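Beneath this line is the structure, given in structure tokens, with notes to follow.
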Amino acid sequence: MSAFEIEGKTVKDLKKEYPLLHELIATKEIFWPNPKYELFQFEIRKTKLNEIDVKEAEERLKRFAPYIAKVFPETSKSNGIIESPIVKIPSMKQHLERVYDLQIPGGFLLKCDSHLPISGSIKARGGIYEVLKHAEKLLLEKKMLTMKDDYSIIDNEEYRNFLSQYSISVGSTGNLGLSIGIMSAKMGFSVTVHMSADAKKWKKDLLRSKGVTVIEYKEDYSQAVEEGRKHANSQPNCYFIDDENSSDLFLGYAVAASRLQNQLMDMNITVDEDHPLFVYLPCGVGGGPGGVAFGLKLTYQDNVHCFFAEPTHSPCMLLGLVTGLHDKVSVQDIGIDNLTAADGLAVGRASGFVGQTIEPFLSGCYTVSDDQMYKLLSAMIDSENIRLEPSALASVYGPIQLLKEKTGQEYIKQHHLVGKMKNATHIMWATGGSMVPKEVMEEYYKKGLEY
Ligand SMILES: *Cc1c(COP(=O)(O)O)cnc(C)c1O
């Protein structure tokens, strides 16, 4: 029998070509600076998406704001704009400095997408945006809406009845399903969420309580997406939200950047050549962190350094980038099990679209063990009283990896950042957590204390 091959190469060949795979397969924590990272101005011209696309997404969300404010009263304070707070976390910084025995120069901030209204995770950006975009298209075509209207008119039985003839379908490890399910059901769409084995029971229960059809699979995320895609294609009027390939999701996430820029200005935080910004983003299939990072590069160009964080057991984006194989290779192909407590990141095969788009803009990736995420989860509660889900804590490990690992130090030197680190701002992107039920959070907390 011939050996299993990936794009004409055996795992042995790949290991020889990319020695880093030995450590990846051994599920060691690693920090990988991206050798294909390039100056922004050279690369942005080659990219299909640009700031006009992001601006368009931002404008669309503004058009929908009166509707959102009406149907989700928790957003009325922000006039229907779905945005999260950003907070300083000095006690957590002190905790990390003590535990990991290092000095972290610069400011230390947590971007609380965990507390985004409606669905309590980063998916409230991309997921909700794509549902709104689809609804707008249908309503414009039917002439039930013009772009000049006050979109709060959509909150009406006639509109819900119209949209109920259409269905939406999505595959998810949990949070994308929550965002798309809640938003679609609110608008009247008939919606089906295909959930992978990792999806938490409370997420499925919550969706069912809102009238969403939940189909459960024993397999992982990639399989749930595949089944969802098949199911959607077999039905008329069904729109499939494709987490692996959607540029709409990506653009919905990218809008985060201009919002963040305003928040930093309000806090009198400077980002420029002498004040670098480091952003650490937990990565699953890639759309969320990829979209946010893309938006940030458009906003701050070479002054922002974006890093993706993945579990040691699900480093799909890192694997795709290191080998250049993107979605042609899965972590299972090289003998990694894709089993992690970080359900939002339990993805074995990254998005090829995101990997290729983000490749020249991403500073690097690092991996985090589940134990580490649990420990940080408990520490975040003890030091700052902020409750996050395990996935979100992968971000907090970023500055430690950057400063502790030799490859991280090299990145700092290579980009002439040594003298500027004291002026740096580190942003940990807390991607989810506020909707986790109390009992579940209590379990997480206890687990973190055990490590
Ligand atoms: C989905 C998710 C991510 C990662 O987003 P991707 O688009 O899958 O890369 C990170 N954290 C949480 C909590 C998530 O739900």
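The values are calculated or read from the model by the stated rules, or taken from the named source; none is laboratory data. Small disclaimer: the values here were computed from a predicted structure and weren't measured. Neighbour counts run over all protein chains shown; Cβ positions are idealised from the backbone, glycine included. Each accessible area value is taken on the protein alone, full model and side chains, heavy atoms only, with ligands, DNA and RNA left out. Shrake-Rupley method; radii C 1.70, N 1.55, O 1.52, S 1.80 Å.
For the reader, a short list of remarks on this structure follows.
- Any hit, the range 88-108, residues being within 22 Å of VAL54 (Cα to Cα), open to solvent by less than 40 Å² (accessible area, probe 1.4 Å) and touching a helix residue (DSSP H, G or I) at 6+ places or on another chain (Cβ under 8 Å): no
- Residue satisfying all of: in the range 288-319; in a loop (DSSP other than H, G, I, E, B) and more than 14 Å from the ligand (Cβ to nearest atom); surrounded by the most Cβ atoms within 10 Å (Cβ to Cβ) among these: THR312
- Per-region count, the range 350-390, residues of a type in the set (Val, Ile, Thr) and within 11 Å of the ligand (Cβ to nearest atom): 2
- When restricted to residues that are farther than 17 Å from ARG259 by Cα and not hydrophobic (A, V, I, L, M, F, W, C), the range 109-141 contains 9.
For every residue, the table says whether it meets (1) out of contact with any Leu (no Cβ under 9 Å at 6 or more places or on another chain); (2) farther than 30 Å from SER222 by Cβ; (3) away from the ligand (no atom under 16 Å from the Cβ); (4) modelled with pLDDT under 95.
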| residue | (1), (2), (3), (4) |
| --- | --- |
| ILE81 | no, yes, yes, no |
| PRO90 | yes, yes, yes, no |
| TYR100 | no, yes, yes, no |
| ILE104 | no, yes, yes, no |
| SER121 | no, no, no, no |
| GLY127 | no, no, no, no |
| PHE162 | no, yes, yes, no |
| GLY174 | yes, no, no, yes |
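- Only one entry in VAL347, VAL331, VAL292 is touching a Phe, Trp or Tyr at 6+ places or on another chain (Cβ under 6 Å) and farther than 30 Å from ASN423 by Cβ, namely VAL347.
- Restricted to the range 177-244, the set of strands (runs of 3 or more DSSP E) holding at least 2 residues that are closer than 18 Å to VAL436 by Cα and either in contact with a Lys or Arg (Cβ under 6 Å, 6 or more places away or on another chain) or of a type in the set (A, V, I, L, M) (or both) is empty.
- Out of VAL285, VAL279, one residue alone is surrounded by 24 or more Cβ atoms within 10 Å (Cβ to Cβ), within 12 Å of the chain's Cα centre (by Cα) and touching a residue at least 24 places away in the same chain (Cβ under 8 Å). It is VAL285.
- Positions within the range 158-215 being open to solvent by 60 Å² or more (accessible area, probe 1.4 Å) and in contact (Cβ under 8 Å) with a residue 40 or more places away in the chain, in sequence order: GLN165, LYS186
- Failed item, numbered, when TYR129 is tested on (1) within 22 Å of the chain's Cα centre (by Cα); (2) among the aromatic types (Phe, Trp, Tyr); (3) surrounded by fewer than 20 Cβ atoms within 10 Å (Cβ to Cβ): (3)
- Candidates LYS186, LYS230, filtered to the one that is away from the ligand (no atom under 16 Å from the Cβ), more than 21 Å from the chain's Cα centre (by Cα), among the basic types (Lys, Arg) and farther than 15 Å from LEU132 by Cα: LYS230
- Among the candidates LEU376, LEU402, residue that is over 18 Å from GLY107 (Cα atoms) and in the same structural domain as LYS88 (by TED's automatic domain parsing): LEU376
- Any hit, the range 422-440, residues being farther than 30 Å from LYS201 by Cα and open to solvent by 50 Å² or more (accessible area, probe 1.4 Å): yes
- Test: residue in the range 339-349 that is open to solvent by 20 Å² or more (accessible area, probe 1.4 Å), under 28 Å from GLU17 (Cα atoms), of a type in the set (S, T, N, Q) and within 13 Å of the ligand (Cβ to nearest atom): yes
- Residue match in the range 58-79 (condition: surrounded by 21 or more Cβ atoms within 10 Å (Cβ to Cβ), within 16 Å of the ligand (Cβ to nearest atom) and of a type outside the set (Ser, Thr, Tyr)): no
- Residue count, the range 122-157 (criterion: assigned to a loop (DSSP other than H, G, I, E, B) and in contact (Cβ under 8 Å) with a residue 24 or more places away in the chain): 4
- For the range 173-191, the set of residues classified as closer than 18 Å to HIS115 by Cα and β-branched (Val, Ile, Thr) consists of ILE180, ILE182, listed by residue number.
- Test: residue in the range 326-337 that is surrounded by fewer than 24 Cβ atoms within 10 Å (Cβ to Cβ) and of a type in the set (Lys, Arg): yes
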